[in-house]
Amino acid sequence: MFTRSSTKRQAKGAEAAPRDPDEGHRGPRHVAVIMDGNGRWAQARGRPRLFGHHAGAKRVREIVNACPDLGVEYLTVFAFSTENWKRTQAEVSGLMSLFRRYISKEARALRDEGVRVRFIGDRVRLDAKLIALMDELESLTEHNERINLTIALNYGSRDEVSRAIKDLAGDVAKGTLSPADVDEETLTKYLDTRVLPDPDLVIRTSGEARISNFLLWQSAYAEYEFVDTLWPDFTKDIFAGIVGAYGVRDRRFGGTST
Ligand code: IPE
Ligand code: IPE
Ligand code: MG
């Protein structure tokens, strides 16, 4: 596992006096995951990329179900980006059909396991059948409280912020919002993530150390963890290890430790 300067971080965390008795042990409330590496995982086995996407989809529930015991209340996973339409038509349509099948197949288990599912991203480009399944799954699980799973599907941060500003500008034009009242909190209310807390920890698998247009606004002060493991190999034990290591980090939010 590639953990950027984790040794240094742990040493520093061990020395630092916690701000309150719980501080040193507090885990992340919201973890966001860029599930990357499905294609390479399949290619390494001489199989088509979609084989990797299927293996990757199977991992999601394992990670979701690991959350409550780790104190993680919100898990957000990046399933398809606004830039992923650039892939071959075969891969894109294979992914769309995988999303439809995944939702139909997993809906009942997610409901029974107390998972509240939400989707973020622009639905405009998605097909009607998929949108209907997404709506259904959101309503089916809306009273669940054990864990909040948010699936980012046709999601891109710049797209989300542009749509938010378009809506906000619409309200200004209607006269229901004054430009003088626009601040960070106002903009946040127009984002797809309006009901979610900001991510505390963002994990990306597959060794790539980039954000690829994921939760840019929301992750301004998140901790980042880049691991070499390809998403289909990402187990709940690896997840637990990363979440556990988060507790020793010293998040200062621009201030100081003491
Ligand atoms: C992530 O795996 C899943 C999606 C982006 C849909 P990739 O498909 O990006 O896998 P790699 O990065 O090519 O290995
Ligand atoms: C980011 O992975 C999107 C998802 C995991 C859904 P990509 O594989 O699309 O990102 P890049 O192209 O490597 O930046
Ligand atoms: Mg990738």
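The values are calculated or read from the model by the stated rules, or taken from the named source; none is laboratory data. What you see is a predicted model, and the numbers here were worked out from it, not measured in a lab. Methodologically, a virtual Cβ is constructed for each residue, glycine included, from the backbone with ideal geometry; neighbour enumeration extends over all protein chains shown. We work out accessible area using only protein heavy atoms, side chains counted, and drop any ligands, DNA or RNA first. Shrake-Rupley method; radii C 1.70, N 1.55, O 1.52, S 1.80 Å.
The aspartates and glutamates whose alpha-carbon is closer than 14 Å to the alpha-carbon of residue 236, local same-chain residues fewer than 8 away aside, are 62, 69. In this structure the amide hydrogen of residue 141, modeled in the peptide plane, comes within under 5 Å of the amide hydrogens of 117, none closer than 5 places in sequence on its chain. Once a ≥ b ≥ c are taken as the square roots of the eigenvalues of the Cα gyration tensor of segment 71-123, is the result rounded (a/c under 1.5), prolate (a/b larger than b/c) or oblate (a/b not larger than b/c)? In terms of gyration-tensor shape, oblate. Given a 1.4 Å probe and the protein chains as shown, residue 157 ends up with an accessible area of around 0 Å². When the residues 143, 53 are ordered by accessible surface, computed with a 1.4 Å probe over the protein chains alone, the sequence from largest down reads 143, 53. What you get for the chain, charging only the Cβ of Lys and Arg (+1) and of Asp and Glu (-1), is a dipole of about 1000 debye around the Cα centre. When the Cα positions of 224, 207, 139 are compared along the charge dipole of segment 105-258, 139 comes out farthest toward the positive end, with charges on each C-beta of Lys, Arg, Asp and Glu. Ranking of 186, 235, 88, 205 by solvent-accessible surface, largest first: 88, 235, 186, 205 (1.4 Å probe, protein heavy atoms only, all chains present). Backbone geometry of segment 39-54 corresponds, through the Karplus equation with coefficients 6.51, -1.76 and 1.60 at θ = phi - 60°, to 3J(HN,Hα) couplings of x, 5, 4, 5, 4, 5, 9, x, 10, x, 3, 5, 4, x, 5, 5 Hz, x marking Gly and Pro.
Element breakdown for segment 26-66 at a 1.4 angstrom probe: carbon and sulfur atoms account for 51% of the accessible area. Set against the 2.2 N^0.38 Å expectation for a compact globular protein, the chain has a Cα radius of gyration ratio of 1.05.
When every Cα-Cα distance of segment 148-214 is counted in 10 angstrom steps from zero, the calculated P(r) takes the values 16, 44, 27, 11, 2 percent.
Annotation: amide H-H contacts under 5 Å for residue 202 (H modelled 1.01 Å from N, sequence separation of 5 or more, or interchain): 32, 223, 224, 225.
Any idea of the accessible area per residue across segment 173-255, 1.4 Å probe, to the nearest Å²?
Numbers: 4050 Å² over 83 residues.
Computed with neighbouring chains in place, this is 49 Å² per residue.
Among 79, 55, 173, which one moves the most in a GNM of the chain with springs linking Cα atoms closer than 10 Å? Per the Cα network of the chain with a 10 Å cutoff, 173 tops the list.
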